[in-house]
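Engineer: Below: one structure in structure tokens.
The values are calculated or read from the model by the stated rules, or taken from the named source; none is laboratory data. Just so you know, these numbers come straight off a predicted model, no measurement behind them. Here the Cβ positions follow ideal geometry from the backbone for every residue, glycine too, while neighbour counts run over all protein chains shown. These accessible areas exclude ligands, DNA and RNA; they are computed on the full protein's heavy atoms, side chains included. Shrake-Rupley method; radii C 1.70, N 1.55, O 1.52, S 1.80 Å.
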Amino acid sequence: MAFLRIRTTVDERPGRLAQLAAALAERGGNILGLSVQPDADGTVDEFVAEIPAAPEAVREALEAAGGRRVQVVPATAHELTDEPTRALLLATRLAALQHEAGSGGSPHWRLPELLGELLRADDARWIYGDAVSELPDPTQLIVRVTGERSVRLRRTDLPFTLTEAARAAAFVRLAQPAAARSGAERAITLADGAELDVRPLTAIYREAVRDLHDRCSPESRRFRYFTSMPALPPRVFERLVDRDRGQSLVACFDGQVVAMANLMFGAEPGTAEMAFLVEDRWQGRGLGTALARMLVELARDLGYAEVRASMLSDNARMRGLLVRLGATLGYTEDPGVIEARLAVAALAPA
């Protein structure tokens with residue numbers, strides 16, 4: 001018997017995981033660990049299994065069961081550690097280093113070592129300046145820490161996934177001084193000099209959000225809800241303020257809510273959905289872009305790998321906004337709807 005780490009990409013269809021598990025069972029495999037991660041062109045299923053079959057036989061079996069880009073590498077008993085438990089242990093070490101550094105300190109000097117352990121990288125080191133802009137390479141992951149400094153991770157056997165990139169970004173956020181992290185309330189200044197406050201959406205904004213809907217044009221509401229919803233139903237508002245389902249923001253100017261941004265947790269592991277409603281007179285001024293960045297940063301801090309957005313095909317402003325942030329667009333089964341997908345680690349710099 002040998003321990004193997006097995007990774008394969010599959011189409012997002014019901015029953016695929018069961019087919020892969022059955023293929024491993026037919027070859028005497030005992031699955032000891034499993035993770036499911038979203039990726040750019042499907043879902044990555046990763047197994048740690050004790051199995052007598054040769055790696056090549058395992059690869060052929062999974063390909064026959066619908067797997068793509070199947071990779072099989074040796075594993076050790078150490079890799080049987082539960083992934084969330086291992087991440088928490090590393091976070092505990094990071095917290096201890098922060099305590100040693102004192103209030104406001106940041107144990108940046110240990111980040112390459114800790115990130116290397118988190119993602120089981122073969123090599124982890126600091127890179128600076130222009131080196132941060134190297135061309136994409138699936139065997140390396142660049143995790144930005146500051147504007148001019150990043151950690152570069154290399155792993156020869158298994159390419160990095162979007163979920164692993166999200167884990168690394170969230171871990172780096174833990175190492176930032178408290179003042180550098182996103183607070184509960186933020187002030188933003190648009191290019192035209194307008195200053196707004198961005199706050200978490202709570203029940204106290206029920207009437208303000210209702211007024212926002214009243215002021216928005218039918219087209220703006222149609223772009224948000226796919227129908228010119230004249231008023232926001234109470235059940236929809238309750239879902240938006242439910243912290244178990246997602247997190248939302250409101251942008252306020254002179255005490256009036258002029259925009260709302262919603263990040264809702266997706267049904268697929270590691271994904272979240274975002275949507276916006278911006279009052280017409282505030283559109284085209286950069287407010288939507290600022291809110292979109294905040295939502296993606298929020299998703300990163302929560303450990304999500306990818307943010308998605310569904311939009312009507314004639315919503316040119318939303319489409320352009322997301323493309324500028326680094327999203328890729330794809331058609332859906334509905335010819336009038338486009339889906340944007342943005343890896344949180346691929347957010348374009350401001």
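Engineer: From the residues in the range 212-227 that are open to solvent by 60 Å² or more (accessible area, probe 1.4 Å) and over 30 Å from the mean Cα position of the chain (by Cα), which one is farthest from Phe253 (Cα to Cα)?
Structural biologist: Restricting attention to the range 212-227, the residues satisfying the condition of being open to solvent by 60 Å² or more (accessible area, probe 1.4 Å) are 214-215, 218-219, 222, 226-227.
Filter again for over 30 Å from the mean Cα position of the chain (by Cα), leaving 214-215, 218.
Details: Asp214: 17, Arg215: 14, Pro218: 22 Å.
By that ranking, first place goes to Pro218.
Engineer: Across the range 240-273, what is the number of residues that are more than 16 Å from Cys216 (Cβ to Cβ) and open to solvent by 10 Å² or more (accessible area, probe 1.4 Å)?
Structural biologist: Residues flagged as more than 16 Å from Cys216 (Cβ to Cβ) and open to solvent by 10 Å² or more (accessible area, probe 1.4 Å) within the range 240-273 amount to 17.
Engineer: Please count how many residues of the range 242-256 are at negative phi and either assigned to a helix (DSSP H, G or I) or over 23 Å from the mean Cα position of the chain (by Cα) (or both).
Structural biologist: Qualifying residue count, the range 242-256: 3.
Engineer: I would also like to ask the following. Arg239 - would you say it is over 15 Å from the mean Cα position of the chain (by Cα) and assigned to a helix (DSSP H, G or I)? Let's see the steps before the verdict.
Structural biologist: Numbers: over 15 Å from the mean Cα position of the chain (by Cα): yes; assigned to a helix (DSSP H, G or I): yes.
When the stated conditions are applied, Arg239 passes them.
Engineer: Among what's in the range 101-123 and is under 22 Å from the mean Cα position of the chain (by Cα) and outside any loop (DSSP other than H, G, I, E, B), pick the residue that is modelled with the lowest pLDDT.
Structural biologist: So in the range 101-123, the residues under 22 Å from the mean Cα position of the chain (by Cα) come out as 111-112, 114-121.
Filter once more, keeping what is outside any loop (DSSP other than H, G, I, E, B): 111-112, 114-119.
On the way: Leu111: 86, Pro112: 90, Leu114: 91, Leu115: 93, Gly116: 92, Glu117: 91, Leu118: 91, Leu119: 91.
Per the criteria, the residue is Leu111.
Engineer: Further question: Within the range 39-83, can you find the residues that are closer than 15 Å to Arg120 by Cβ and among the charged types (D, E, K, R)?
Structural biologist: The answer is Glu46, Glu79, Asp82, Glu83.
Engineer: Which members of the range 124-155 meet the condition of being of a type outside the set (A, V, I, L, M, F, W, C) and either modelled with pLDDT under 70 or open to solvent by less than 40 Å² (accessible area, probe 1.4 Å) (or both)?
Structural biologist: Keep residues of the range 124-155 that are of a type outside the set (A, V, I, L, M, F, W, C), which gives 125, 128-130, 133-134, 136-140, 144, 146-150, 152, 154-155.
Listed by number, the residues that qualify are Gly129, Asp130, Ser133, Glu134, Pro136, Gln140, Gly147, Ser150, Arg152, Arg155.
Engineer: Out of all the residues in the range 211-228, is one or more assigned to a strand (DSSP E or B) and more than 18 Å from Val307 (Cβ to Cβ)?
Structural biologist: At the first step, the residues of the range 211-228 found to be assigned to a strand (DSSP E or B) are none.
There is no residue in the range 211-228 that is assigned to a strand (DSSP E or B) and more than 18 Å from Val307 (Cβ to Cβ).
Engineer: Hey, among Gly326, Gly303, Gly330, Gly320, which residue is small (Gly, Ala, Ser), open to solvent by less than 50 Å² (accessible area, probe 1.4 Å) and more than 23 Å from Asp41 (Cβ to Cβ)?
Structural biologist: Working: Gly326 fails: more than 23 Å from Asp41 (Cβ to Cβ); Gly303 fails: more than 23 Å from Asp41 (Cβ to Cβ); Gly330 fails: more than 23 Å from Asp41 (Cβ to Cβ).
Exactly one residue qualifies, and that residue is Gly320.
Engineer: Next question, about the same structure. Starting from the range 27-38, take each residue that is within 18 Å of Thr81 (Cβ to Cβ) and list its partners that are crowded, with 17+ Cβ neighbours inside 10 Å and among the aromatic types (Phe, Trp, Tyr), counting only C-beta distances under 8 angstrom and pairs at least six apart or across chains.
Structural biologist: Ile31/Phe47; Leu32/Phe3; Gly33/Phe47; Leu34/Phe47
Engineer: Of everything in the range 187-205 that's of a type in the set (A, V, I, L, M) and surrounded by fewer than 14 Cβ atoms within 10 Å (Cβ to Cβ), which residue is nearest to Arg281 (Cα to Cα)? Give the derivation first.
Structural biologist: Initial filter on the range 187-205 (of a type in the set (A, V, I, L, M)): 187-188, 190-191, 194, 196, 198, 201, 203-204.
If we keep only those that are surrounded by fewer than 14 Cβ atoms within 10 Å (Cβ to Cβ) too, we end up with 187, 191, 203-204.
On the way: Ala187: 19, Ala191: 15, Ala203: 25, Ile204: 24 Å.
Applying the filter and picking the extreme gives Ala191.
Engineer: Do the conditions hold for Leu298, that is, is it out of contact with any helix residue (DSSP H, G or I) (no Cβ under 8 Å at 6 or more places or on another chain) and either of a type in the set (S, T, N, Q) or touching a residue at least 24 places away in the same chain (Cβ under 8 Å) (or both)? Step through it out loud before you land on a result.
Structural biologist: Details: out of contact with any helix residue (DSSP H, G or I) (no Cβ under 8 Å at 6 or more places or on another chain): yes; either of a type in the set (S, T, N, Q) or touching a residue at least 24 places away in the same chain (Cβ under 8 Å) (or both): yes.
Yes: the conditions hold for Leu298.
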